[in-house]
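Taken together, the values in this text are just the output of simple stated rules run on the coordinates, not laboratory data. Just so we're clear, the structure is a prediction, and the values are computed from it rather than from any experiment. Every residue, glycine as well, gets a Cβ built from its backbone with ideal geometry; the counts of neighbours run over all protein chains shown.
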Amino acid sequence: MTAELSPIDRAKFVAAKRAVDYVEDGMRVGLGTGSTAAWMVRCLGEIVREEGIRVTGVATSSRTADLARQVGVPIRTLDEVKWLDLTIDGADEYDSNLNLIKGGGGALLQEKIVATASDQMIVIADPSKQVDTLGAFPLPVEVIPFGWQTTKALIEEMLSNIDVLGRNASLRLNMDEPFRTDEGNYILDLHLRRIGNPQQLSLVLNQIPGVVENGLFLDICDIVVIGNSDGTVEVR
Ligand code: 5RP
C-alpha cells in the first residue's frame with residue numbers, strides 16, 4: 001500500500017495509520033473525506049480484513065463511501081447508526097485551540113454533521129495544515145443554488161463588520177460549471193486571509209438565508225495527529 005510514497009503522502013499515511021490505532025473492535029466510526037482521510041479508510045480496511053476488527057463506518061461523502069466499500073469497510077447511514085464513537089477526518093487548517101477550517105473537498109456539511117454526532121473527533125494532517133490564526137485557506141461556505149448571487153452579496157456585506165482581512169467570495173467551479181456538493185448545493189470560498197473571531201463569524205454566517213453551513217469547525221476536534229514525511233508522528 002505504501003511503496004514509493006511521495007514525502008507528503010508518507011506524512012498523510014503515517015498520520016492516518018496512527019489514528020486508526022484509536023479504533024477498537026465494535027466501534028461506529030465516522031469516515032472523513034479528502035486525500036488524508038482516504039489513507040485512513042485504506043488503513044481501516046486493512047485492519048478489518050487482516051485483523052478481523054469489526055467496525056461500522058459512516059461516510060461523509062459518496063467518494064468516501066465508494067472507497068470504504070472497495071477496501072472492505074462496512075458502511076451504514078448516520079440515520080441507521082445515529083451516534084458514533086469516533087470520527088477521523090482531515091482538515092485544511094488547524095490552530096493551537098484545535099479549531100479547524102474544513103471543506104476544501106466540498107464535503108463540509110456531512111463532515112460537520114458526522115463529527116458533531118461523535119463522542120470524539122480526531123483530525124489527521126501533515127504539518128503544512130498548522131496555522132497561528134485561521135483564514136489563509138479560503139473558508140468554504142455551502143449555499144443553496146437558489147439566489148446564490150444574492151447570498152454571496154449578503155455575505156460580502158456582512159464581512160465589512162467582521163474582524164477579517166479579505167472580504168470577497170468566489171463561487172467554486174468544477175470544469176467551468178458550479179461545483180456541486182453531494183446535496184446538490186454550491187460552495188462559496190471566502191478569501192478572508194485572517195479570521196480574528198471565528199466564533200462570531202460562524203454564527204453570523206449561519207444566520208444568512210441561503211447559507212447551509214460553513215467550514216469552521218469550532219470546539220469539535222479533540223485530537224490532532226500530525227504525520228511527518230520522515231515517518232514520525234506527533235499527537236496534540
Ligand atoms: C473535505 C475536507 C478535507 O478533509 C480537507 O479538505 C483536507 O483534505 P486533504 O486531506 O486532501 O488535504 O474538509 O471537505
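Worth a mention:
- Taking the centroid of alpha carbons for each part, segment 97-170 and segment 1-47 are 23 Å apart.
- When both bridge partners sit in segment 55-151, DSSP labels roughly 20% of those beta bridges antiparallel.
- Separation in nanometres of the label points that stand 7 Å from Cα toward Cβ, at Tyr22 and Glu234: 1.7
- Near Gly166, once Lys and Arg are set to +1 and Asp and Glu to -1 for all other residues with Cβ below 13 Å from its Cβ, the sum equals 0.
- The phi-based Karplus calculation (6.51 cos²θ - 1.76 cosθ + 1.60; θ = phi - 60°) puts the 3J(HN,Hα) values of segment 74-89 at x, 10, 10, 7, 5, 5, 6, 8, 6, 9, 10, 6, 7, 10, 10, 8 Hz, whole numbers, x for Gly and Pro.
- In summary, the lysines within cross-link reach of Lys152, defined as a Cα separation below 20 angstrom excluding same-chain residues under 8 places away, comprise Lys102.
- Highest mobility in the GNM of the chain, judged by mean-square fluctuation with C-alpha springs under 10 Å and restricted to Met40, Met175, Met121, is found for Met175.
- Couplings 3J(HN,Hα) of segment 148-165, computed from phi: 4, 5, 5, 4, 4, 4, 5, 5, 5, 5, 4, 5, 5, 9, 10, 7, 9, 9 Hz, in residue order, whole Hz [Karplus 6.51 cos²θ - 1.76 cosθ + 1.60, θ = phi - 60°; x for Gly and Pro].
- Relative contact order (percent, whole number), segment 31-95, Cα cutoff 8 Å, 6+ residue spacing: 43
- Antiparallel %, DSSP beta bridges [both residues in the chain], to 5: 55
- The modelled label-to-label distance for the pair Trp83/Met158, using points 7 Å beyond Cα in the direction of Cβ, is 3.1 nm.
- Nonlocal amide H pairs with Gln120, under 5 Å, H built at 1.01 Å: Leu86, Thr87
- Across segment 86-236, the mean sequence separation of Cα contacts (distance under 8 Å, 6 or more residues apart), normalised by length, yields a relative contact order of 33 percent.
- Residue separation of Leu203 and Thr2 scaled by 0.36 nm, minus their Cα-Cα distance, works out to 68.2 nm of gained length.
- Think of the chain as having a plus end and a minus end, set by charges on the Cβ of Lys, Arg, Asp and Glu; of Gly72, Leu98, Thr232, Gly72 sits farthest toward the positive end of this dipole.
- Highest to lowest packing among 176-184, 4-12, scored as the average C-beta count within 10 Å: 4-12, 176-184
- Compactness of the chain as Cα Rg over 2.2 N^0.38 Å, two decimals: 1.00
- Subtracting the Cα-Cα distance of Glu183 and Ser128 from 0.36 nm times their residue separation leaves 16.8 nm of extension gain.
- With a Förster radius of 35 Å applied to the beta-carbon distance between Asp222 and Asp66, the computed FRET efficiency rounds to 0.80.
- Here the Karplus curve 6.51 cos²θ - 1.76 cosθ + 1.60, taken at θ = phi - 60°, turns the phi angles of segment 129-137 into couplings of 8, 7, 9, 6, 10, 5, x, 5, 6 Hz, with x standing for Gly and Pro.
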